[in-house]
Amino acid sequence: DAGVIQSPRHEVTEMGQEVTLRCKPISGHNSLFWYRQTMMRGLELLIYFNNNVPIDDSGMPEDRFSAKMPNASFSTLKIQPSEPRDSAVYFCASSPNTGRGQPQHFGDGTRLSIL
Amino acid sequence: AQSVSQHNHHVILSEAASLELGCNYSYGGTVNLFWYVQYPGQHLQLLLKYFSGDPLVKGIKGFEAEFIKSKFSFNLRKPSVQWSDTAEYFCAVSPPARQLTFGSGTQLTVLP
């Protein structure tokens, strides 16, 4: 049974470039979450979707960040233009729904380095 | 808004020592409680969860946690740690129909 799949696993790029992170949630899961993890700030929820609709994007740091979920099996997190302070590990997670007692299943993350 | 506090940022133990990691949350209503573990270079994995019923929850790898409602706590315990338990541990809280709120994490280092 495939888990949450993220790509790429690693990305190194120069500042100013556009970065696109991809996520395929577990089939049948209705909710999808994007997190950012850094040493300084720990694990931060950026945005989450329920049934492909963005529910709460209050964690998105600035307008340079955008996320989409065009269908139930795919989501992207885009940073344009990227800055060195965006360097972090970005995790995608999915759960059956946001109702009571549903644990989230995490992908392996994308380690992003902006030079 | 709910919040989760993990007061121990880094815990260092020798193998076979007993472990207790603290987790306190602030939310007045019914909550679901989770502990996740993140091994070096890996993603978060669910250790155990509490929804209702017996407040002492058994998880994988010999871990357990006790929900004490009066103290708003959900501490993680293991009687005897192993070197392979070296990881970062995250407590998380979820009121019904709301997303998870994670604590800041506790880095556990077990010395062989």
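The values are calculated or read from the model by the stated rules, or taken from the named source; none is laboratory data. Note that the structure is predicted; figures quoted are calculated from it, not measured. For neighbour counting, all protein chains shown are included, and Cβ atoms are generated from backbone atoms with ideal geometry for every residue, glycine included.
Within the stretch B:66-81, the set of residues being touching a residue at least 40 places away in the same chain (Cβ under 8 Å) and within 17 Å of residue B:106 (Cβ to Cβ) comprises B:73, B:74, B:75, B:76, B:77, B:78, B:81. Criterion applied to B:36, B:25 was being in a strand (DSSP E or B), within 13 Å of another protein chain (Cβ to nearest Cβ) and among the hydroxyl-bearing types (Ser, Thr, Tyr), and the one residue passing it is B:36. Select from the stretch A:4-46 the residues that are buried (at least 18 other Cβ atoms within 10 Å of the Cβ) and either on the phi > 0 side of the Ramachandran plot or at the interface with another protein chain (Cβ under 10 Å from one of its Cβ atoms) (or both) and write down the one among them that is modelled with the lowest pLDDT. By that ranking, first place goes to A:43. The condition (being in contact with a Ser or Thr (Cβ under 7 Å, 6 or more places away or on another chain), touching a residue at least 12 places away in the same chain (Cβ under 8 Å) and within 24 Å of residue B:37 (Cβ to Cβ)) is satisfied by just one residue among A:88, A:67, A:93: A:88. Being assigned to a loop (DSSP other than H, G, I, E, B) and away from every other protein chain (no Cβ under 14 Å) is a description that does not apply to residue A:103. Going through the stretch B:55-77 one residue at a time, which ones are farther than 20 Å from residue B:29 by Cβ and more than 11 Å from the chain's Cα centre (by Cα)? Those that are farther than 20 Å from residue B:29 by Cβ and more than 11 Å from the chain's Cα centre (by Cα): B:56, B:58, B:60, B:61, B:62. If the condition is being within 14 Å of another protein chain (Cβ to nearest Cβ), buried (at least 21 other Cβ atoms within 10 Å of the Cβ) and assigned to a loop (DSSP other than H, G, I, E, B), then the stretch A:76-100 contributes only A:98. Please pick out the residue among A:43, A:21 that is touching a residue at least 12 places away in the same chain (Cβ under 8 Å), in a strand (DSSP E or B) and in contact with a Leu (Cβ under 7 Å, 6 or more places away or on another chain). Within the list A:43, A:21, the selection yields A:21.
May I ask you to list the residues in the stretch B:39-87 that are surrounded by 11 or more Cβ atoms within 10 Å (Cβ to Cβ), in a loop (DSSP other than H, G, I, E, B) and either within 14 Å of chain A (Cβ to nearest Cβ) or at pLDDT 95 or above (or both)? Correct list: B:39, B:42, B:43, B:51, B:59, B:63, B:79, B:80, B:81, B:82, B:86.
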